[in-house]
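The structure appears right after this line, and notes come after that.
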Amino acid sequence: MMKKACFLIAVALFLIGCSTDETPSSTTVEIDQSTLEKHIRALASDAFMGRMPGTRGEEKTINYLKEQFSKLGTLPGNGGSYFQEVPLLKFNGHASEEMLISGSGELIRLHHLHDFMAITEKPLPEAGLENSELVFAGYGIVAPEYDWNDYEGIDWEGKTAVVLVNDPGFESGDSTLFKGNEMTYYGRWTYKFEEAARQGAAGVLIIHETGPAGYGWGVVESSNTNNYLIMESDAPTVDVEGWISHESAQKILNATVLKGEDIKALARSRDFMPVQLGLNATVSIENRITREMSHNVIALIPGTERKDEYIIYSAHWDHLGIGEAINGDSIYNGAVDNASGTAALLALAEAFKKAGPTLRSVVFLAVTAEEQGLLGSAYYADHPVYDPQKTVADINMDALMAPSPMKDLTITGYGHSEMDEYAEEAAKEQGRYIIPDPEPEKGYFFRSDHFNFAKIGIPVLYADGRYEGFTKSKEEIQQLNDDYLLHKYHQPSDEFDAESNDLSGVQADVQLMFRVGLKLANEDYFPKWFEGSAFKTVRDNN
């Protein structure tokens, strides 16, 4: 009897341990590929009108997200609301058909869209340049840590800076010049505009080149249409922010003392001084300005023991809306960019609900107006719903497009924080390896919403598979990536097609992000920034 009783007790304990009523093990929870497809298909459909903030497309998008998060059983993430209001100014701006360049004896006419793009962030009905003197300002950088000042020695009032895109180190062959081929924030177009304004210039014209910019002229056109959004700010702005094509820049420079000069070599010199070109620019912009209230969408799964500590998953829900027709299509659906990342938020929320309670809280943040300059995440960073010091990490998802399961996990911003180590551990579980971004010259670290979290000290992870597939070669993957950038990125052709869109690779990437977030959500450690990262002091000093 004693032996029988012991046996029965053992069996009972075994059955209790195997009970199907218990919360499923995290290792058995998988991101549902059909969930990804369902939401990408919906968000990238014509019914959502390209998801432009401040339009009917926004209203449909944010209400769809609210409904889906609510169905999953998440809580409103901003008090009693799923929404965080983001006040914006909407510009309906029209640049003159021509920019006139005078002073050389020959009038140079640059044509809007084809040769130049021009906008203003001045909240005025009219803005522009009237015979503004053009001055070549190299890369348009003031960087004391590099002992660099491209604006030195000139009174910039009323003048327009003509600047190169990217950094002096790009294609220089000198790894000690700035960060060599790796773009710093000084290389981003947003910085160029900000610095010209700080210097008191009237305008700034960036000479566009596909290589150093990381995208073609078509992206400049489609991303700077008549309708654009900004956040109100007390920061100085120039009267005109503009781009000129490389061919147009050559026409201008050929009419100056710089004719025949290698302007990049000139601008890379530590002895560089601004060059007055002896030319003037005239262009006008008419604006109709309205106030818009856009919205970030925030959902929450509260933790148990450490519910005042937060893991944030972020993705931008917006795209470019309805714009210039290309091949008869005017709806910029943004299936990859970024219906994919937004769908991933919903799939992750579904997975966390299946996995059961976590010690820390998990936040799903769909931000607005990324395409307008990371505005929604910038607003969140300035008005955080959750204490940044209690925010463990941000895991950002933007333009998920792995065409099949990938061997690599490419980390944009590799080397900044211990989030690399979390990613590497999760990648090994999938039989994958990690690599730094192989194209650091394109500045992807500064081109999505994680950057605004990093700026307030929150460690970030921005990674996906994009280099080598398990079934597709590096060459095949590169060809697919190139095709997307050339023919779909910020074009109406970025649409979802179930027959040609294999989501198995995206599913594997999102599964990895789930694994990383789940680990963070069930421990008490805060990942650290590495020594030398520009963001470490922000975290340490707050």
>> Please go through the stretch 192-211 and give me each residue that is buried (at least 20 other Cβ atoms within 10 Å of the Cβ) and under 21 Å from the mean Cα position of the chain (by Cα), ordered by number.
In response: Lys192, Phe193, Glu195, Ile206, His208
> If you check every pair at least six apart or on different chains, which have Cβ atoms under 9 Å apart with a residue in the stretch 224-245 that is without any contact (Cβ under 8 Å) to a residue 40 or more places away in the chain first and a residue that is among the acidic types (Asp, Glu) second?
Replying inline: Ser233/Glu121; Pro236/Glu194
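Given the stretch 222-316, what strands (runs of 3 or more DSSP E) lie entirely inside it while holding 3 or more residues that are more than 32 Å from the chain's Cα centre (by Cα) and surrounded by 19 or more Cβ atoms within 10 Å (Cβ to Cβ)? Spell out the reasoning first.
Numbers: elements: 227-230, 240-245, 275-301, 306-316.
In the stretch 222-316, the matching strands (runs of 3 or more DSSP E) lie at 275-301.
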> Considering only the stretch 193-221, how many residues are in contact with a Gly (Cβ under 8 Å, 6 or more places away or on another chain), in a loop (DSSP other than H, G, I, E, B) and either farther than 23 Å from Pro125 by Cβ or among the polar types (S, T, N, Q) (or both)?
Replying inline: 1
> Does any residue in the stretch 176-189 that is over 14 Å from Thr412 (Cβ atoms) and in contact (Cβ under 8 Å) with a residue 12 or more places away in the chain come within less than 9 Å, Cβ to Cβ, of a residue that is of a type in the set (D, E, K, R) and in a helix (DSSP H, G or I) six or more places away or on a different chain, and which pairs are these?
Replying inline: Leu177/Arg268; Asn181/Glu441; Tyr186/Lys192; Tyr186/Glu195; Gly187/Glu441
> Of all residues in the stretch 519-542, which are surrounded by fewer than 23 Cβ atoms within 10 Å (Cβ to Cβ), outside any loop (DSSP other than H, G, I, E, B) and under 24 Å from the mean Cα position of the chain (by Cα)?
Replying inline: Trp529, Lys536, Thr537, Val538, Arg539
>> If Gly328 satisfies all but one of (1) under 30 Å from Arg41 (Cβ atoms); (2) in contact with a helix residue (DSSP H, G or I) (Cβ under 9 Å, 6 or more places away or on another chain); (3) not aliphatic (A, V, I, L, M), what's the number of the condition it fails?
In response: (2)
>> Just to be sure I understand, how many residues within the stretch 49-97 are assigned to a helix (DSSP H, G or I), more than 24 Å from Tyr332 (Cβ to Cβ) and in contact with a Lys or Arg (Cβ under 7 Å, 6 or more places away or on another chain)?
In response: 1
> When you go through Phe83, Phe69 one by one, which is the residue that is closer than 18 Å to Leu375 by Cα, out of contact with any Ser or Thr (no Cβ under 7 Å at 6 or more places or on another chain) and among the aromatic types (Phe, Trp, Tyr)?
Replying inline: Phe83
> Only one of (1) outside any helix (DSSP H, G or I); (2) in contact with a Lys or Arg (Cβ under 8 Å, 6 or more places away or on another chain); (3) within 23 Å of Gly334 (Cα to Cα) fails for Ile458. Which number is that?
Replying inline: (3)
> Residues in the stretch 181-189: is at least one of a type in the set (Ser, Thr, Tyr), touching a helix residue (DSSP H, G or I) at 6+ places or on another chain (Cβ under 6 Å) and surrounded by 23 or more Cβ atoms within 10 Å (Cβ to Cβ)?
Replying inline: no
> If you scan the stretch 317-328, which residues turn out to be aliphatic (A, V, I, L, M) and either under 30 Å from Asn522 (Cα atoms) or buried (at least 24 other Cβ atoms within 10 Å of the Cβ) (or both)?
Replying inline: Leu320
> Since Arg360 meets every condition but one in (1) surrounded by 22 or more Cβ atoms within 10 Å (Cβ to Cβ); (2) of a type in the set (D, E, K, R); (3) closer than 24 Å to His319 by Cβ, which condition does it not meet?
Replying inline: (3)
>> Can you pull out every residue in the stretch 489-503 that is among the charged types (D, E, K, R), modelled with pLDDT under 95 and surrounded by 11 or more Cβ atoms within 10 Å (Cβ to Cβ)?
In response: Asp502
> Here are Glu418, Glu370: which of them is buried (at least 22 other Cβ atoms within 10 Å of the Cβ), at negative phi and within 22 Å of the chain's Cα centre (by Cα)?
Replying inline: Glu370
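Is one or more of the residues making up the stretch 165-175 more than 25 Å from Ile101 (Cα to Cα) and touching a strand residue (DSSP E or B) at 6+ places or on another chain (Cβ under 8 Å)? Before you say what the answer is, go through the steps one by one.
Residues of the stretch 165-175 more than 25 Å from Ile101 (Cα to Cα): 167-175.
Now restrict to residues that are touching a strand residue (DSSP E or B) at 6+ places or on another chain (Cβ under 8 Å): 168.
The answer is yes, given that some residue of the stretch 165-175 is more than 25 Å from Ile101 (Cα to Cα) and touching a strand residue (DSSP E or B) at 6+ places or on another chain (Cβ under 8 Å).
Tyr444: of a type in the set (Ser, Thr, Tyr), in contact with a Gly (Cβ under 8 Å, 6 or more places away or on another chain) and in contact (Cβ under 8 Å) with a residue 60 or more places away in the chain, yes or no?
Values: of a type in the set (Ser, Thr, Tyr): yes; in contact with a Gly (Cβ under 8 Å, 6 or more places away or on another chain): yes; in contact (Cβ under 8 Å) with a residue 60 or more places away in the chain: yes.
Yes; evaluated as a whole, the condition is true for this residue.
If you go through the stretch 266-301, how many residues are over 30 Å from Phe178 (Cβ atoms) and of a type in the set (A, V, I, L, M, F, W, C)? Give the steps one after another, and end with the answer.
First pass over the stretch 266-301, keeping only residues over 30 Å from Phe178 (Cβ atoms): 280, 282-301.
If we keep only those that are of a type in the set (A, V, I, L, M, F, W, C) as well, we get 283, 285, 289, 293, 297-301.
Selection size over the stretch 266-301: 9.
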>> Every residue in the stretch 93-120 that is among the charged types (D, E, K, R) and at pLDDT below 95, please.
In response: Glu106
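If I ask for residues that are of a type in the set (Gly, Ala, Ser) and either in a loop (DSSP other than H, G, I, E, B) or under 20 Å from His246 (Cβ atoms) (or both), which ones from the stretch 138-192 would you list? Step through it out loud before you land on a result.
Within the stretch 138-192, the subset of a type in the set (Gly, Ala, Ser) is 138, 140, 143, 153, 158, 161, 169, 172-173, 175, 180, 187.
Selection gives Gly138, Gly140, Gly153, Gly158, Ala161, Gly169, Ser172, Gly173, Ser175, Gly180, Gly187.
The values are calculated or read from the model by the stated rules, or taken from the named source; none is laboratory data. In this text the structure is predicted, and so the values were computed from the model without any measurement. All Cβ positions, glycine included, derive from the backbone under ideal geometry; neighbour counts span all protein chains shown.
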